[in-house]
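The next block holds one structure in the form of structure tokens; read it before the comments.
Where a number appears in this text, it was derived from the coordinates with a stated rule and is not lab data. Since this is a predicted model, take the numbers as computed values, not measurements. Quick reminder, even Gly has a Cβ in these numbers, built from the backbone with ideal geometry, and neighbours come from all protein chains shown.
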Amino acid sequence: MATHHPHMPNATEEATSAMLSAVGASDVEELYEQIPERLRFRGELGLPEPMTEIELQQHVGGLLERNETCESNLNFKGAGCWQHYVPPVCDEIIERREFLTSEWGSPESDKGRNQAWFEFCSQLGELLELDAVGLPVYSWGNAAGFAMRMAHRLTGRTEVLVPESISPERQSVMENYSRLSSGERRLTIETVAFDPETGELDLDDLRERCSSSTAAVYYESPSYLGTIESGAETIADVAHEAGAECIAGVDPITLGVLDSPATHGADIVVGTTQPLGIHMNGGACSGFIASRDEEEYVVEYPTLLLSVTNTATEGELGYAFMPEQLHRSSYGLREDGNDYTGTSVYLWTIANAVYMSLLGKHGFRELGELVVERSHYAAQRLSAIDGVEVRLSPSFFKEFVVDFEDAPVSASEVNDHLKAEGIFGGVLLGEEFPTLGDAALYCVTEVHTQADVDRLVDAVTEVVEA
């Protein structure tokens, strides 16, 4: 007689047969025929014998204790997901049940959700100096991919130019989005060289590559390597002269000390909201898309947009989705929408809104200045070590490239020594950016004290000069 797990009552043979019959499949394998064989696991999972609940809890606890966290170690890794301070009030508010358990889609579940989302869009729009901000997508890479496809629909062109210094992960996501177009409409992504001395985009190479086939020029400031792009206006001009859109990627935490890319001519601005009150995590770091409030851009958004209006009650406001845009999205048109929006990360908008309201304009400036001060102090101290050099432009924000090419030990060996000292060293760059030599990307934010930086420098000095 067939048995099934008590927590999975539909796992009986009878239930399985009934479900397969309902969908017209002869066996379970038919449901997975689109998955390539190379991606299927045909072996036996190394699962332990059945355990009691107490034994299982102890077993899982032991596995979790093997993790090395950024809270229990001194962390200098960044590269797209950074360790910033998250005020406890951010966690407190997003864990309130009216937000945490708010059911998607039904009006009776709003409980202030729409207003909070509208506040997020308004605050981020003020920070970016742009009027149209959509609800966020899964990550910065997703946002860049969507923006690239927006440019394709706006221009009818199929080529996108991106810097060679772009995050490999973001470029990979953009490549995936380019494959959503088939046949002649498939998008192609070409890289533009960056100056090996400064890390900034090579403007001569950009001019040479930008053409009548270019749908968009995408750049980042700060770049993946931390460099602040001084030629932003020229990049936008080159794109516009060729009839292309200019898309800029930005870390919003920088906008207390740096101008928004919108002031330098960017048409669409994307980035992540992870630094705005979201803890480091393995995914769902949230990506935003913003633009001018112009119809040609707004109708191409793949995301949801919110608006506010007066109600029949004087002094009362109502918050709702823009119905026409809702219909154009995959929520309304499904596969015929502008793009498939994908996994929502709308809970993060609440944390973002709380964080931005706590900091305010002056808080963003003070935070930016603090990050600049501490990261530049770290770069100055590391570059004073024999055999160690800080590469690229001195204009950087929180992340910088440390070169160990002339050191007696490699960047990887330095990281091994640091790990033994309870320190996470920089992200190794040699494989992804061979032109940078034996280098690592270090990150310093407001969570790092002078004592933390001094501890890092002492540990690097110890292994380099041993």
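Counting charges near VAL427 (Lys, Arg +1; Asp, Glu -1) among other residues having Cβ under 12 Å from its Cβ returns a value of -3.
For the chain, what proportion of DSSP beta bridges, expressed in % and rounded to the nearest 5, is antiparallel?
55 percent
The simple Förster model, with R0 at 45 Å and r as the Cβ-Cβ distance, assigns GLU98 and SER211 a FRET efficiency of 0.30.
Mind sorting CYS81, CYS121 by how few other Cβ atoms lie within 10 Å of their own Cβ, fewest first?
Ascending Cβ contact count within 10 Å gives the list CYS81, CYS121.
Give me the lysines in straight-line cross-link reach of LYS77: C-alpha distance below 24 Å, same-chain residues under 8 apart excluded. Leaving aside lysines fewer than 8 places away in the same chain, those within reach of LYS77 are LYS398, LYS419. For the range 257-348, chymotrypsin sites (Phe, Trp or Tyr not before Pro) meeting the loop criterion (DSSP other than H, G, I, E, B) and having at most 14 other Cβ atoms within 10 Å: TYR340. Coupling constants for the range 73-81 follow from the phi torsions by the Karplus curve (6.51 cos²θ - 1.76 cosθ + 1.60, θ = phi - 60°), and in residue order they are 10, 7, 10, 10, 8, x, 6, x, 9 Hz; glycine and proline get x. Sorting CYS210, CYS70 from the fewest to the most surrounding beta carbons within 10 angstrom yields CYS70, CYS210. The GluC sites (Glu not before Pro) found in the range 113-207 that occupy coil by DSSP, while having at most 13 further C-beta atoms within 10 Å, are GLU197. Each of (1) 26, 61, 13, 0; (2) 21, 49, 27, 2; (3) 24, 60, 16, 0 is a candidate for P(r) over Cα pairs in 20 Å bins from 0, in percent; the one calculated from this structure is (2). Checking every one of the GluC sites (Glu not before Pro) in the range 309-359 against DSSP loop status and a limit of 12 other Cβ atoms within 10 Å picks out GLU314, GLU316. In terms of other Cβ atoms within 10 Å, LYS398, LYS419 run from fewest to most in the order LYS419, LYS398. Rounded to the nearest whole Hz, the Karplus-based 3J(HN,Hα) values (6.51 cos²θ - 1.76 cosθ + 1.60, θ = phi - 60°) of the range 317-332 follow the sequence 10, x, 10, 7, 6, 5, x, 5, 6, 4, 5, 6, 7, 5, 5, x, with x at glycine and proline. Once the chain from CYS70 to LEU317 is taken as fully extended at 0.36 nm per residue, the excess over their C-alpha distance is 84.6 nm. In plain terms, the chain from GLU405 to GLU44 could stretch by 125.5 nm, reckoned as 0.36 nm per residue minus the Cα-Cα distance.
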